[in-house]
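> One structure, pasted below without further comment.
The values are calculated or read from the model by the stated rules, or taken from the named source; none is laboratory data. Quick caveat: nothing in here was measured; it's all calculated off a predicted structure. Neighbour counts are summed over all protein chains in view; Cβ atoms, including those assigned to glycine, are modelled from backbone coordinates with ideal geometry.
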Amino acid sequence: MLWKKVADESATRCCTSATRDLTTVSGRVKHEGLSFLTITLPSFGKDFEKSLDLGYVDPHLFKSFKRRGRSPVFLSGFLDLVFDRSDGRLLDEPNEDAILAIRQLTLMFGKVRIPCSDARTAAAFEQFIQCEKDIRENDARLTEEHFSDFKRVSRLLFGDMFDFMDHQIWEVAHKPKHGPGATADKLRGNAKYTQRTWTSRLQEFFPWEEFLAANSSYTDELNDVNVLEPGDEMPVRVISVPKTLKTPRIIAIEPTAMQYCQQSVREMIYDWVKRDGTLHSMIGFTDQTPNQRLAQRGSLRGDLATLDLSEASDRVSNQSVRAMLSDWPFLHGAVDACRSRKADVPGHGVVRLAKFASMGSALTFPVEAMVFLTNVFMGIEQELNRPLRRGDIQRFRGRVRVYGDDIIVPKDFVRSVIGVLELFGARVNTSKSFWNGNFRESCGREYYAGHDVSIVRVREVFPTSPMHAQEAISLVSLRNQLYYAGWWATCKWLDDEITGVLRYFPVVLPSSPVQGRYSYLGYQSEKLGRALHNPLVKGYVVRAPLPSDPLDGHGALLKWFLKRGELPFADRDHLERAGRPRAVSIVPRYASAV
């Protein structure tokens, strides 16, 4: 029904009809199940994007759909506004509303978080192991000359930062911190501040006397610290989490001690990049909007390419990272010391890792960005056919940017950049990389000829009761995203669906804690609050209590010393409750509408 509502509204916008398309969808869902919406339709959407990039409908695309002429019969009312049916060529002035409609109708269910089958999960773990084999084979193919070029270009980019970090680690002038996530040894919340497990590899660069003790007067009290030798270290715990019906996401959960020290190195990288004008313009860690702006510019001018990598973090070789850091002994030693060397993979046991780290390590994201940026400039150097100089790096500000596995490079250098990325083991996802036509995609935003054609995605199945809190929260978010994206007829239908589950669904502002509907017309007010005289409405409010986790003594003092900034802790009860909520619910009550 949601697909039908979006299709009908899209057809009205584009002055066409989606009646036959609905018949196709209904019939194929009946025979193929939910996988038609979550797997087959997204494949159609990716083929459509590739056709936009090529400028014509390739006969090898849209394999699961019948054709009439060069284009598929399915969604033909929209496709005919984009491509010429007789020869499949892109029209001189394709309809942007039709492009948006096709993308919305085919891709909106592609990332619904549904657990996939056991067979698909097992295949994902098998791919994790295969990836390890690929890295080792690729490392064996690389020569000393390859690594020498890699070191030289990375020094041009990051030499000053590495000098600073090497000195900081030598002086032990850096402070660790605990992350919010799970750990392999299953310590959560405040329990992390009383950890007593360390490793001999960490001890050389992160002595526990400095990192586990609040100050020197407590060192004697921590006489029960268990320092593990390399052979006894705990491996990362590899698990799967729901991503799509097609495949799960594979992540690795690090031991507490490793994560604790990784955070200190990560923070030094983030702080330096934030201060360095050149690096800040080329690497992003927290803000995706620069990538999105460059993608929009690339779609309008055609001068920039957007590249996407498959299994990006899992394909960064540790040998590449060692080469990058080899001239800075303290930094190199520290990064290696807090890198887990083994992983416990379901169905495969404990394996030794050739990759630098999987998703789960605090250093994965910044280190992969540095490796990819180095590869990008190696590709640029190849195209220039001369060694790079510092002035060359400066000239590419505003034209090169890396955010995770989303990479933007000048179109003229794209072939050589892809060649170097793949030489060093990366896999460029050609179905999500664009440089020929006027379509570009980066960091969750998509553009065609400067027009934003980004879609709204369904993330969860629909709830049937307020007890399904996560699903209800997601559905309200979906409704409000569709509202701001202009799908107002669909929102009207969703409002009825939501009120069938949630008894109260008032109009509120986005800043309100109430799960309500957003409107350009303002907000509801049922009464005024006695204390603040603010407008109150009755609606569902998220309740996610932190688990009880009392902390006192040395652990509480250590937590205070590790706090960042001069302001007090945001949560005054942080020594009583900590960690991530173990359950989320929504409860009806009066709360502010603004």
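> Mind telling me which of the residues Ser64, Ser51 ends up being outside any helix (DSSP H, G or I) and either among the charged types (D, E, K, R) or in the same structural domain as Arg28 (by TED's automatic domain parsing) (or both)? Steps first, answer last, please.
Details: Ser51 fails: outside any helix (DSSP H, G or I).
Being outside any helix (DSSP H, G or I) and either among the charged types (D, E, K, R) or in the same structural domain as Arg28 (by TED's automatic domain parsing) (or both) holds for just one of Ser64, Ser51, which is Ser64.
> Please tell me if Lys192 is at pLDDT 90 or above, of a type in the set (D, E, K, R) and out of contact with any Ser or Thr (no Cβ under 7 Å at 6 or more places or on another chain).
Values: at pLDDT 90 or above: yes; of a type in the set (D, E, K, R): yes; out of contact with any Ser or Thr (no Cβ under 7 Å at 6 or more places or on another chain): no.
So Lys192 fails the test.
> Taking Lys274 and the conditions (1) farther than 16 Å from Val335 by Cβ; (2) touching a residue at least 12 places away in the same chain (Cβ under 8 Å); (3) in a helix (DSSP H, G or I), which numbered condition does it fall short on, given that it satisfies the others?
(2)
> Right, here's the next one. Give the residue that is farthest from the chain's Cα centre (by Cα), with candidates limited to residues of segment 25-53 that are farther than 18 Å from Tyr448 by Cα and of a type in the set (S, T, N, Q).
At the first step, the residues of segment 25-53 found to be farther than 18 Å from Tyr448 by Cα are 25-43.
Filter once more, keeping what is of a type in the set (S, T, N, Q): 26, 35, 38, 40, 43.
Numbers: Ser26: 32, Ser35: 23, Thr38: 19, Thr40: 23, Ser43: 20 Å.
Applying the filter and picking the extreme gives Ser26.
> Give just the number: which of (1) under 25 Å from the mean Cα position of the chain (by Cα); (2) of a type in the set (Val, Ile, Thr); (3) in a helix (DSSP H, G or I) does Ile169 not satisfy?
(1)
> From the list Gly349, Gly398, Gly391, Gly379, exactly one residue is under 25 Å from Gln127 (Cα atoms) and not polar (S, T, N, Q). Which is it? Explain how you work it out, then say what you get.
On the way: Gly398 fails: under 25 Å from Gln127 (Cα atoms); Gly391 fails: under 25 Å from Gln127 (Cα atoms); Gly379 fails: under 25 Å from Gln127 (Cα atoms).
Among Gly349, Gly398, Gly391, Gly379, only Gly349 is under 25 Å from Gln127 (Cα atoms) and not polar (S, T, N, Q).
> Answer yes or no: is there a residue in segment 301-314 that is under 21 Å from the mean Cα position of the chain (by Cα), part of a helix (DSSP H, G or I) and in the same structural domain as Asp134 (by TED's automatic domain parsing).
Taking segment 301-314 as the starting set, the residues that turn out to be under 21 Å from the mean Cα position of the chain (by Cα) are 305-314.
Restricting the remaining residues to those that are part of a helix (DSSP H, G or I) gives 313-314.
Imposing the further condition that a residue be in the same structural domain as Asp134 (by TED's automatic domain parsing) reduces the set to 313-314.
There is at least one residue in segment 301-314 that is under 21 Å from the mean Cα position of the chain (by Cα), part of a helix (DSSP H, G or I) and in the same structural domain as Asp134 (by TED's automatic domain parsing).
> Now for a separate question. Restrict the check to segment 234-249 and report whether at least one residue is in a helix (DSSP H, G or I), under 30 Å from Ala122 (Cβ atoms) and either in contact (Cβ under 8 Å) with a residue 12 or more places away in the chain or in contact with a Lys or Arg (Cβ under 9 Å, 6 or more places away or on another chain) (or both). So that I can check it myself, show each step before the final result.
Applying the first criterion (in a helix (DSSP H, G or I)) to segment 234-249 yields none.
No: segment 234-249 contains no residue that is in a helix (DSSP H, G or I), under 30 Å from Ala122 (Cβ atoms) and either in contact (Cβ under 8 Å) with a residue 12 or more places away in the chain or in contact with a Lys or Arg (Cβ under 9 Å, 6 or more places away or on another chain) (or both).
> Just checking, how many residues over segment 172-202 are surrounded by fewer than 20 Cβ atoms within 10 Å (Cβ to Cβ), of a type in the set (Gly, Ala, Ser) and either assigned to a loop (DSSP other than H, G, I, E, B) or without any contact (Cβ under 8 Å) to a residue 40 or more places away in the chain (or both)?
5
> A further question follows. Only one of Ser71, Ser86, Ser35, Ser64 is modelled with pLDDT under 95, small (Gly, Ala, Ser) and either closer than 18 Å to Tyr447 by Cα or touching a Ser or Thr at 6+ places or on another chain (Cβ under 6 Å) (or both); which? Show your work before the answer.
Numbers: Ser71 fails: either closer than 18 Å to Tyr447 by Cα or touching a Ser or Thr at 6+ places or on another chain (Cβ under 6 Å) (or both); Ser86 fails: either closer than 18 Å to Tyr447 by Cα or touching a Ser or Thr at 6+ places or on another chain (Cβ under 6 Å) (or both); Ser35 fails: either closer than 18 Å to Tyr447 by Cα or touching a Ser or Thr at 6+ places or on another chain (Cβ under 6 Å) (or both).
Every option except Ser64 fails the conditions.
> Okay, moving on. Among the residues of segment 363-376 satisfying the criterion of being in contact with a helix residue (DSSP H, G or I) (Cβ under 7 Å, 6 or more places away or on another chain) and surrounded by fewer than 24 Cβ atoms within 10 Å (Cβ to Cβ), which is farthest from Val241 (Cα to Cα)?
Leu373
> What pairs can you find where one residue is in segment 577-594 and closer than 20 Å to Gly179 by Cβ, the other is in a strand (DSSP E or B) and at pLDDT below 95, and their Cβ atoms are less than 6 Å apart, with a gap of 6+ or different chains?
Hits for this filter: Arg577/Ser548.
> Test each condition in (1) more than 30 Å from Glu126 (Cβ to Cβ); (2) in a helix (DSSP H, G or I); (3) out of contact with any His (no Cβ under 9 Å at 6 or more places or on another chain) for Thr286 and report the one that comes out false.
(2)
> Just the residues that are modelled with pLDDT of 95 or more, out of contact with any Cys (no Cβ under 8 Å at 6 or more places or on another chain) and not in a loop (DSSP other than H, G, I, E, B), please, taken from segment 100-119.
Of segment 100-119, the ones modelled with pLDDT of 95 or more are 100-109.
Right, trim to out of contact with any Cys (no Cβ under 8 Å at 6 or more places or on another chain) and you get 100, 102-109.
Hits for segment 100-119 are Leu100, Ile102, Arg103, Gln104, Leu105, Thr106, Leu107.
> What do you reckon, is Glu210 within 30 Å of Phe396 (Cβ to Cβ) and either in a helix (DSSP H, G or I) or touching a His at 6+ places or on another chain (Cβ under 6 Å) (or both)?
Details: within 30 Å of Phe396 (Cβ to Cβ): no; either in a helix (DSSP H, G or I) or touching a His at 6+ places or on another chain (Cβ under 6 Å) (or both): yes.
Considered against the rule, which asks whether it is within 30 Å of Phe396 (Cβ to Cβ) and either in a helix (DSSP H, G or I) or touching a His at 6+ places or on another chain (Cβ under 6 Å) (or both), Glu210 comes out as no.
> Let me ask something else about it. Would a scan of segment 260-269 turn up a residue that is closer than 30 Å to Ala119 by Cα and either at pLDDT 95 or above or not small (Gly, Ala, Ser) (or both)? Before you say what the answer is, go through the steps one by one.
At the first step, the residues of segment 260-269 found to be closer than 30 Å to Ala119 by Cα are none.
No, every residue in segment 260-269 fails to be closer than 30 Å to Ala119 by Cα and either at pLDDT 95 or above or not small (Gly, Ala, Ser) (or both).
> Something else about it: Determine, yes or no, whether Ala489 is assigned to a helix (DSSP H, G or I), touching a strand residue (DSSP E or B) at 6+ places or on another chain (Cβ under 7 Å) and at pLDDT 95 or above. Walk me through it before giving the result.
On the way: assigned to a helix (DSSP H, G or I): yes; touching a strand residue (DSSP E or B) at 6+ places or on another chain (Cβ under 7 Å): no; at pLDDT 95 or above: yes.
No.
> Scan segment 240-264 for residues that are among the hydrophobic types (A, V, I, L, M, F, W, C) and within 25 Å of Phe206 (Cα to Cα) and jot them down. I'd like the intermediate steps shown before the answer.
Initially, segment 240-264 is screened for residues among the hydrophobic types (A, V, I, L, M, F, W, C), giving 241, 245, 250-253, 257-258, 261.
Result: Ala252, Ile253, Ala257, Met258, Cys261.
> Does Ile129 satisfy the condition of being in the same structural domain as Asp276 (by TED's automatic domain parsing), at pLDDT 95 or above, assigned to a helix (DSSP H, G or I) and in contact with a helix residue (DSSP H, G or I) (Cβ under 9 Å, 6 or more places away or on another chain)? Before the answer, list the steps.
Working: in the same structural domain as Asp276 (by TED's automatic domain parsing): yes; at pLDDT 95 or above: yes; assigned to a helix (DSSP H, G or I): yes; in contact with a helix residue (DSSP H, G or I) (Cβ under 9 Å, 6 or more places away or on another chain): no.
Criteria not met by Ile129.
> Report yes if Leu81 is modelled with pLDDT of 95 or more and on the phi < 0 side of the Ramachandran plot, otherwise no.
yes
> Further question: Considering Val514, Val587, Val507, Val542, which residue is under 30 Å from Val461 (Cβ atoms), in contact with a helix residue (DSSP H, G or I) (Cβ under 8 Å, 6 or more places away or on another chain), modelled with pLDDT of 95 or more and not assigned by TED's automatic domain parsing to the domain that holds Lys177?
Numbers: Val514 fails: in contact with a helix residue (DSSP H, G or I) (Cβ under 8 Å, 6 or more places away or on another chain); Val587 fails: in contact with a helix residue (DSSP H, G or I) (Cβ under 8 Å, 6 or more places away or on another chain); Val507 fails: in contact with a helix residue (DSSP H, G or I) (Cβ under 8 Å, 6 or more places away or on another chain).
Of the residues listed, the single one that is under 30 Å from Val461 (Cβ atoms), in contact with a helix residue (DSSP H, G or I) (Cβ under 8 Å, 6 or more places away or on another chain), modelled with pLDDT of 95 or more and not assigned by TED's automatic domain parsing to the domain that holds Lys177 is Val542.
> Another question about this same structure. Answer yes if at least one residue in segment 438-447 is over 23 Å from Ile102 (Cα atoms) and within 21 Å of the chain's Cα centre (by Cα), and no otherwise. Give the derivation first.
Initially, segment 438-447 is screened for residues over 23 Å from Ile102 (Cα atoms), giving none.
Scanning segment 438-447 turns up no residue that is over 23 Å from Ile102 (Cα atoms) and within 21 Å of the chain's Cα centre (by Cα).
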